[in-house]
Ligand code: E4P
C-alpha cells in the first residue's frame, strides 16, 4: 500500500519525503499555509516524486475544467481533485478523456465511488474519519468500494482519506486499499513504538558492559 501525506506544509513533506509516495492537499490545508495557491502547489510538486492532488474550488463543470487546466499545467505529477457531484463527474469525464489524472474527493457512499470510476477517475477518496466521527463505519465503505471495483475490473485507485489514527492505516492495508493518505502526526506514529525505544535504550546500556578493548567502536 502506498503512503501519501495529507498536507500542504513544505516542512512536513520535506521531513518525510523519502518515506512517502505522494501528497494530497485540500483547500483547508492550503489555507493554513498562507501562501499563493498555485505557487505553493508547484513547489510541492517539485518536492515530491509521486502524485500530488490539488483541489478545484469552482462548483460548475466549466469553472472546474478551467481551474483543472491551470493546475495541470503546473507539473506532470499534478492530480486534479474534484468533488463527487454531478458537475464534478462531468469534469472528470472530460479530463480523463484528455489524459489529465483526477482524484474524486468527498466520497461517502459506494455509489459515488462507482460513478466516479465510470467517469474515468484515476483515484477516489473515501473519507473514513468523517464517517467514523458520525458513528458510521468508514472502513466498511472502503471494503465495499474495493469489492465493487474488483467485480468490474475498474482500475481507479482507492485512497483511504480522512485518516485519524494508525489503526485506520492498518485496516486500509488489510483490505488491500491502494493508498492511505494521512496527516503528518499519524504518519510519524507509523514507526514509533515505546518498546522499540525501551529496547534500544537497554541494548545500548548493556553494550557498555562489553570491555572497551573488545568493542570495535
Ligand atoms: C483527503 O484527500 C482529504 O484532504 C483529507 O483526508 C480530509 O481529512 P479530514 O477529514 O481530516 O479533514
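Tabulated data
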item	result
C-alpha long axis of helix 61-72 to longest principal axis of the chain, angle in °	40 degrees
Inter-site label distance for residue 62 and residue 29 at 7 Å from Cα along Cβ, in nm	3.2 nm
Peptide ranges 131-138, 4-11 listed from the most packed, as the mean C-beta count within 10 angstrom indicates	4-11, 131-138
Spin-label model distance (nm) - residue 17 vs residue 190, 7 Å beyond Cα toward Cβ	1.7 nm
Label point distance in nm, residue 151-residue 135, each placed 7 Å from Cα along Cα→Cβ	2.9 nm
Stokes-Einstein D in µm²/s, Kirkwood radius over Cα pairs - the range 23-86 at 37 °C with 0.692 mPa s viscosity	275 µm²/s
Ranked list, fewest to most other Cβ atoms within 10 Å of each Cβ, for 107, 186, 163	186, 163, 107
Angle between the chain longest axis and helix 37-47 axis [Cα atoms, degrees, rounded to 10]	50 degrees
Stokes-Einstein D (µm²/s) once Rh is taken as the Kirkwood radius of the range 91-185 over alpha-carbon pairs, at 10 °C in 1.306 mPa s	120 µm²/s
Computed E for residue 203/residue 47 - FRET, C-beta separation, R0 41 angstrom, nearest 0.05	0.70
Diffusion coefficient, µm² s⁻¹, Stokes-Einstein with Kirkwood Rh over alpha-carbon pairs of the chain at 25 °C and 0.890 mPa s	133 µm²/s
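Quick note: the coordinates plus some simple rules give every number you see, no bench work behind them. Keep in mind that this is a model prediction, so the values were computed, not measured. With ideal geometry, Cβ positions are generated from the backbone for all residues, glycine too; neighbour counts draw on all protein chains shown.
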